[in-house]
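Scroll down for the structure; my scribbles are underneath it.
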């Protein structure tokens, strides 16, 4: 079984690396949006295929380990966590790609105002992803604390961005195209926060064997 | 006492100076499959042999504590051991059919217990072989030697032989360890069916097997029952670190 545990540890490292890639895609997509940096946006878009391949590879390895060693207890919970986690991480990466595409479209004319709420939202969401990755890696619960509160803040920011955009659009219909992008981006970031909470639930299960709900207070 | 079909109270067992079972308190639920797992020499086979007093015949074996079968301590002096073994059957690791025909193997027990009518015996043999999922395979060769059957068939024949005397509990000591995966699968399916009418206690070193077929699992180590609980809990979220280490292979 030593070989199995070595392979499982290696697989966990690959999942952590995938998590960092997903987080980077999200962070850089918002940076590209804010700075109207199309080159950076293109970097994010080009990573889309890569994260999909990593997802498939990790899934295949996890299933291979399950079939070969029929893991039990925490080993089984780790495999289960990995299989769910990679789906959420892929979606986060894909939202990064979607935001990057919006960033390319929005790079042609100046933003309607200085972007504050969206980068702030992204900062919180990236922080949430970092925390769940840390909990996954260290198998400690403490990084998962207050994740629900952060999710609430992200939800509130999305509503605030939505209302703000409605105001801009009513005042000046020429901003509709841009505002539609901002609303979508806020929605993507909010979904990423939800995915971080779902990952947190799986990591919590991996560590303790207990199923908990995280980040459902305002949903 | 009456909630469980078998209940042990502070059971300790020695083979001469070797303290093989230590302070075993365990409850076996009726019409459920209970599995005992643990590394070699942990006492799991010794424990199921306690349930039908099979250790009595081993010289140097001494037992303390109580083992209740339906509320009655089977180690009380007034207990008829033959009667206990009729009500609690045992299946061993290696199939051990008698060197006689398939029919006679199954009819042997009932005959010993006084059944003589051919019609009754025919009925018992058929019912037992059907319950052991063997009837369809041996229907045409009941008068042929049981030794000619495959290993898996022999083991199911031994189960049929045990069922013929209508026990209430069936103890199985690694019943599939000498069988190939297909024969093992048949025995596992059979165990799941048997619990509708019988209580099954199975010793296995195959943890996946324990996880597949049992309702309750006990993990034993160095003569102690370390953890006992519902099988799903034991294999998904064991509460003791020792159990976790054993079932995830981080042992030694």
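In table form, for the structure just shown:
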{"quantity": "Which listed residue, of A:101, A:48, is away from chain B (no Cβ under 14 Å), in contact with a helix residue (DSSP H, G or I) (Cβ under 8 Å, 6 or more places away or on another chain), modelled with pLDDT under 95 and surrounded by 15 or more Cβ atoms within 10 Å (Cβ to Cβ)", "calculated": "A:48"}
{"quantity": "Which listed residue is touching a helix residue (DSSP H, G or I) at 6+ places or on another chain (Cβ under 8 Å), in a helix (DSSP H, G or I) and buried (at least 21 other Cβ atoms within 10 Å of the Cβ), from A:182, A:205", "calculated": "A:182"}
{"quantity": "Complete set of residues in the range A:64-76 that are closer than 18 Å to residue A:10 by Cβ and within 10 Å of chain B (Cβ to nearest Cβ)", "calculated": "A:69, A:71, A:74, A:75, A:76"}
{"quantity": "Condition met for residue A:90 (in contact (Cβ under 8 Å) with a residue 12 or more places away in the chain, within 14 Å of another protein chain (Cβ to nearest Cβ) and touching a helix residue (DSSP H, G or I) at 6+ places or on another chain (Cβ under 6 Å))", "calculated": "no"}
{"quantity": "Of residues in the range B:227-252 being in contact with a strand residue (DSSP E or B) (Cβ under 8 Å, 6 or more places away or on another chain), without any contact (Cβ under 8 Å) to a residue 40 or more places away in the chain and surrounded by 18 or more Cβ atoms within 10 Å (Cβ to Cβ), the one farthest from residue B:178 (Cα to Cα)", "calculated": "B:238"}
{"quantity": "Single condition residue B:176 does not satisfy, out of (1) away from chain A (no Cβ under 14 Å); (2) assigned to a helix (DSSP H, G or I)", "calculated": "(2)"}
{"quantity": "Every residue from the range B:57-80 that is under 18 Å from residue B:11 (Cβ atoms) and either within 17 Å of the chain's Cα centre (by Cα) or in a loop (DSSP other than H, G, I, E, B) (or both)", "calculated": "B:58, B:60, B:67, B:68, B:69, B:70, B:71, B:74, B:75, B:76, B:77, B:79"}
{"quantity": "Residue B:160 out of contact with any strand residue (DSSP E or B) (no Cβ under 7 Å at 6 or more places or on another chain), within 30 Å of residue B:26 (Cα to Cα) and buried (at least 21 other Cβ atoms within 10 Å of the Cβ)", "calculated": "yes"}
{"quantity": "Filter result for the condition that a residue is surrounded by fewer than 17 Cβ atoms within 10 Å (Cβ to Cβ), without any contact (Cβ under 8 Å) to a residue 12 or more places away in the chain and more than 27 Å from residue B:236 (Cβ to Cβ), over B:136, B:180, B:143", "calculated": "B:136"}
{"quantity": "Check on residue A:111, touching a residue at least 40 places away in the same chain (Cβ under 8 Å) and surrounded by fewer than 20 Cβ atoms within 10 Å (Cβ to Cβ)", "calculated": "yes"}
{"quantity": "Qualifying residue in the range B:109-125 (condition: without any contact (Cβ under 8 Å) to a residue 12 or more places away in the chain, loosely packed, with under 15 Cβ neighbours inside 10 Å and closer than 24 Å to residue B:203 by Cβ)", "calculated": "no"}
{"quantity": "Candidates A:149, A:155, filtered to the one that is under 19 Å from residue A:215 (Cα atoms), surrounded by fewer than 13 Cβ atoms within 10 Å (Cβ to Cβ) and under 19 Å from the mean Cα position of the chain (by Cα)", "calculated": "A:149"}
{"quantity": "Single residue of A:137, A:174 found to be assigned to a helix (DSSP H, G or I) and in contact (Cβ under 8 Å) with a residue 24 or more places away in the chain", "calculated": "A:137"}
{"quantity": "Among residues of the range B:187-226, those that are surrounded by fewer than 23 Cβ atoms within 10 Å (Cβ to Cβ), away from chain A (no Cβ under 14 Å) and in a strand (DSSP E or B), counted", "calculated": "4"}
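The values are calculated or read from the model by the stated rules, or taken from the named source; none is laboratory data. As the structure is a computational prediction, the values presented were derived from the model and not from experiment. Every residue, glycine among them, receives a Cβ derived from its backbone with ideal geometry; neighbour counts consider all protein chains shown.
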